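Notes to accompany the following structure.
The values are calculated or read from the model by the stated rules, or taken from the named source; none is laboratory data. Quick caveat: nothing in here was measured; it's all calculated off a predicted structure. Note: ideal-geometry Cβ built from the backbone for every residue, glycine included; neighbour counts use all protein chains shown.
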Amino acid sequence: MGKMTSFTRPDGKSVNGYLAEPKEGAKAPGIVVIQEWWGLNDQIKGVAGKLAAAGYRALVPDLYRGKVALEANEAKHLMEGLNFGDAAGQDVRGAVQFLKSSGSPKVGVTGFCMGGALTLLSACNVPEADAEVVWYGYPPLEYVDASKIRTPMLGHWATRDEAFPIGKVDELEKKLKAANVKFEFHRYDAKHAFANETADSKGLAMLKYDAGNAKTAWDRTFYFFDHHLKK
């Protein structure tokens, strides 16, 4: 299974992360997994394990530096304290560089909720990444410089998402089309966090796990990453 490790950011600072290795070892392609606003918890470690079982080296950077939220108010506080530009341009970029320098020929980035927003920012700010999969999250769209995105992108969006309204996804699509980004977006009749199997335990009406839509989205994700990272 996975283990804690550390890697170096482009600015030289050290960051901890959770690394799940596949049986193929260090030569397997890599995926940087970006947490939801809850932090580096067991659920996101499970996502890394799922990717490792599919033949990827999965690295989850510890963006909150050891803090994990159990309640929504704690998560909101931690997320609001996060410097998104620094997280994408330094933590995530350092994680991609670490996977590449330690053996992975190609490396993708994926993230959920807050991590989805950071995945979009990483597409603009991490030139070493090879593909991105965004799960129901976007930053303020003025921070997305689509002209800098050179890699293919897959996006999963929930039509009943209160945290990230679907109307903005239409705007994001226009931006990406105008910049000739290669992307494929899918919309699901679901609520926010529909792929998080612990969503219902959070006691928030806006969150709802949907096993059927989660499976469809994961099937599409594996097809996309296999095509762009394993070929």
Restricting the first residue to region 14-27 and requiring it to be on the phi < 0 side of the Ramachandran plot, which pairs with a second residue that is β-branched (Val, Ile, Thr) and surrounded by fewer than 20 Cβ atoms within 10 Å (Cβ to Cβ) meet a Cβ separation below 7 Å and a spacing of at least six or different chains?
14/8; 17/5; 19/5
Which residues, counting only those in region 35-56, are in a loop (DSSP other than H, G, I, E, B) and not small (Gly, Ala, Ser)?
35, 36, 37, 38, 40, 41, 56
Checking the structure you have, find out if any residue of region 175-185 is closer than 22 Å to residue 63 by Cβ and touching a residue at least 40 places away in the same chain (Cβ under 8 Å).
no
Among the residues of region 148-172, which ones are closer than 19 Å to residue 191 by Cα, of a type outside the set (A, V, I, L, M, F, W, C) and within 18 Å of the chain's Cα centre (by Cα)?
155, 156, 161
For region 110-147, enumerate the residues that are in a strand (DSSP E or B) and under 10 Å from the mean Cα position of the chain (by Cα).
110, 111, 112, 132, 133, 134, 135
Give region 1-55 a look and list any residue that's among the basic types (Lys, Arg) and either surrounded by fewer than 17 Cβ atoms within 10 Å (Cβ to Cβ) or touching a Ser or Thr at 6+ places or on another chain (Cβ under 9 Å) (or both), or say none.
3, 13, 23, 27, 50
For residues in region 59-77 being assigned to a strand (DSSP E or B) and either among the small types (Gly, Ala, Ser) or in contact (Cβ under 8 Å) with a residue 40 or more places away in the chain (or both), which is nearest to residue 135 (Cα to Cα)?
60
In the set 196, 180, the lone residue that is surrounded by fewer than 13 Cβ atoms within 10 Å (Cβ to Cβ), in a loop (DSSP other than H, G, I, E, B) and not aromatic (Phe, Trp, Tyr) is 180
Residue list for region 98-118, restricted to those being in contact with a Phe, Trp or Tyr (Cβ under 8 Å, 6 or more places away or on another chain) and at negative phi
98, 108, 110, 111, 112, 114, 115, 116, 117, 118
Would you say residue 86 is closer than 20 Å to residue 124 by Cα and without any contact (Cβ under 8 Å) to a residue 40 or more places away in the chain?
yes
Condition first: closer than 18 Å to residue 129 by Cβ, aliphatic (A, V, I, L, M) and out of contact with any Phe, Trp or Tyr (no Cβ under 7 Å at 6 or more places or on another chain). Now tell me which residues in region 35-58 satisfy that.
47, 51, 58
Look through 148, 231, 182 and report the one residue that is at pLDDT below 95 and within 25 Å of residue 99 (Cα to Cα).
231
Could you list, in sequence order, all residues of region 199-223 that are closer than 21 Å to residue 68 by Cα, in a loop (DSSP other than H, G, I, E, B) and among the acidic types (Asp, Glu)?
none
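How many residues are polar (S, T, N, Q) and in contact with a Phe, Trp or Tyr (Cβ under 7 Å, 6 or more places away or on another chain) when one looks only at region 201-224?
Going through region 201-224 one residue at a time, the tally reaches 1.
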